[in-house]
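Here is the structure we will look at, set down as structure tokens.
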Amino acid sequence: MDTTSIQGAGASRGLPGPLAGPPAPAERLTPPAERLTPPAGAGALRPRGPRGGLGSGLGGLRGSALLVAIACAAGCARTPPSLFPSAEVALDRMRATSACSRAVQGEATLDYFGEGGRVRGKMLYLGAAPARLRFDVYSPFGVTLSTLTSDGERFSLLDLRTKEYFHGPATTCNVERFTRVPVPPFALVELLRGQAPVLVHAPDQAHVEWRSSFFGGGRYVLEVRGAHSARQEIELKPRPEDFDKPYAEQRLRVESVRVWQEDYELYRAELAGHRTARRRPVEPTPEEVELGIPPLPPSGPICDAELPRRVRISVPESGQDLVIRNEQIWHNPGLAEGVFRQTPPAGVTVRESVCAD
């Protein structure tokens with residue numbers, strides 16, 4: 001088995017894998033300011049020929065009033081009667097909403113778009129708090145193409161198409177070589193669990209406010225400032241049936257997370273399609289039945305917290321975009337010993353992947 005070593009400061013070097021491709025260095029894109037100029041006379045009140053009289057104007061006003069009434073009936077500028085008194089209370093409530101979920105298991109489709117073009121695939125995955133991951137990408141015929149594992153300390157990537165095995169520390173840049181987006185392993189686990197990864201911060205460096213929207217009813221917006229000029233914005237929304245409940249009883253959906261380092265947006269995540277999920281049923285496989293082996297115990301309690309069916313992670317300034325669409329997803333599956341680690345099979349080239357975040 002050949003063994004070589006590679007080094008790099010980040011994922012721009014790229015490793016072979018289902019989402020691999022040589023991305024170009026990210027350039028800051030500063031679009032020119034644009035102005036919408038109204039047509040001449042747009043603000044003037046003028047008759048429009050024979051039908052531009054008083055009756056026509058009143059009809060327009062009645063139509064506008066009707067539209068406003070319909071919009072308001074759909075949730076115009078509604079504010080929950082009970083609002084969170086602080087960002088820390090809101091964050092605690094967000095965590096409590098899905099506290100029963102210790103791990104998730106999903107079957108999903110991947111859709112990546114970046115410098116190397118568009119890549120699609122199917123994936124089985126496991127994510128367990130705080131930072132354990134396993135991704136198995138397979139072909140339409142059910143053949144495994146590549147496997148990524150991270151136990152929170154060590155990272156491994158097996159690419160069966162190129163017969164290469166990469167290993168190294170479980171850093172953001174190593175995992176990024178597979179996912180193509182700069183999201184730390186613990187943050188990726190949190191997003192898959194429907195949670196927002198939160199920067200380490202002092203309590204006085206976070207605040208929350210309710211922002212109403214004309215058609216959508218509004219959402220909580222949390223702004224958090226961390227160390228080293230890092231900051232983030234988290235959008236939370238109460239479940240519709242909890243809108244009028246006291247804030248301590250509101251179950252919250254994470255709708256988006258944005259993270260900046262100084263003025264550079266590292267990534268943004270959008271979570272959608274929240275639906276109730278269940279704990280993975282404890283059912284023995286045919287092999288376990290034949291050998292008399294008991295099934296794996298669940299990794300957590302019974303849980304019915306919502307999980308997003310769509311997770312989109314993008315890097316606006318480089319154009320990288322990864323969408324995970326869950327076809328099936330469960331809470332607290334059984335976790336086999338060593339499922340977040342792997343060893344290189346015979347006949348592959350082993351390479352050490354060393355990079356620093």
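So D304 passes all but one of these: (1) more than 22 Å from P185 (Cβ to Cβ); (2) in contact (Cβ under 8 Å) with a residue 24 or more places away in the chain; (3) outside any loop (DSSP other than H, G, I, E, B). Which condition number does it fail?
D304 satisfies all of (1) more than 22 Å from P185 (Cβ to Cβ); (2) in contact (Cβ under 8 Å) with a residue 24 or more places away in the chain; (3) outside any loop (DSSP other than H, G, I, E, B) except (3).
Answer yes or no: is there a residue in region 223-232 that is in a helix (DSSP H, G or I), out of contact with any Asp or Glu (no Cβ under 9 Å at 6 or more places or on another chain) and charged (D, E, K, R).
Scanning region 223-232 turns up no residue that is in a helix (DSSP H, G or I), out of contact with any Asp or Glu (no Cβ under 9 Å at 6 or more places or on another chain) and charged (D, E, K, R).
Across region 269-278, what is the total count of residues that are surrounded by 18 or more Cβ atoms within 10 Å (Cβ to Cβ) and either outside any loop (DSSP other than H, G, I, E, B) or hydrophobic (A, V, I, L, M, F, W, C) (or both)?
4
With (1) among the aliphatic types (A, V, I, L, M); (2) crowded, with 20+ Cβ neighbours inside 10 Å; (3) closer than 24 Å to T179 by Cβ as the list, and L252 as the residue in question, which single condition is left unmet?
(3)
Can you tell me which residues in region 307-319 are farther than 30 Å from P238 by Cα and buried (at least 17 other Cβ atoms within 10 Å of the Cβ)?
S318
Could you pull out the residue among E337, E352 that is outside any strand (DSSP E or B) and loosely packed, with under 15 Cβ neighbours inside 10 Å?
Selected residue: E337, the only one of E337, E352 that is outside any strand (DSSP E or B) and loosely packed, with under 15 Cβ neighbours inside 10 Å.
Quick one: which residue in A196, A272, A248 is over 12 Å from the mean Cα position of the chain (by Cα) and hydrophobic (A, V, I, L, M, F, W, C)?
Criteria check complete, one pass: A248.
For residues that are hydrophobic (A, V, I, L, M, F, W, C), in contact with a Leu (Cβ under 6 Å, 6 or more places away or on another chain) and crowded, with 20+ Cβ neighbours inside 10 Å, scanning just region 91-122, find the one that is farthest from E235 (Cα to Cα).
V104
Does region 332-350 include one or more residues that are within 30 Å of E265 (Cα to Cα), modelled with pLDDT of 90 or more and in contact with a Phe, Trp or Tyr (Cβ under 7 Å, 6 or more places away or on another chain)?
Checking region 332-350: not a single residue is within 30 Å of E265 (Cα to Cα), modelled with pLDDT of 90 or more and in contact with a Phe, Trp or Tyr (Cβ under 7 Å, 6 or more places away or on another chain).
Out of the residues in region 91-114 meeting the condition of being under 15 Å from the mean Cα position of the chain (by Cα) and at pLDDT below 95, tell me which one is nearest to S299 (Cα to Cα).
This residue is L110.
Scan region 149-192 residue by residue and report those that are surrounded by fewer than 22 Cβ atoms within 10 Å (Cβ to Cβ), among the charged types (D, E, K, R) and either under 30 Å from R93 (Cβ atoms) or in contact with a Leu (Cβ under 9 Å, 6 or more places away or on another chain) (or both).
Within region 149-192, D151, R161, E164 meet the criteria.
Going by what's in this entry, would P182 be described as over 20 Å from S101 (Cβ atoms) and part of a loop (DSSP other than H, G, I, E, B)?
yes
Tally the residues that are assigned to a loop (DSSP other than H, G, I, E, B), modelled with pLDDT of 95 or more and surrounded by 13 or more Cβ atoms within 10 Å (Cβ to Cβ), restricting the search to region 199-216.
Residues that pass the stated criteria total 2.
Can you confirm whether K237 is crowded, with 18+ Cβ neighbours inside 10 Å and over 14 Å from the mean Cα position of the chain (by Cα)?
Yes.
The values are calculated or read from the model by the stated rules, or taken from the named source; none is laboratory data. Just so you know, these numbers come straight off a predicted model, no measurement behind them. Virtual Cβ from ideal backbone geometry, glycine too; neighbours counted across all protein chains shown.
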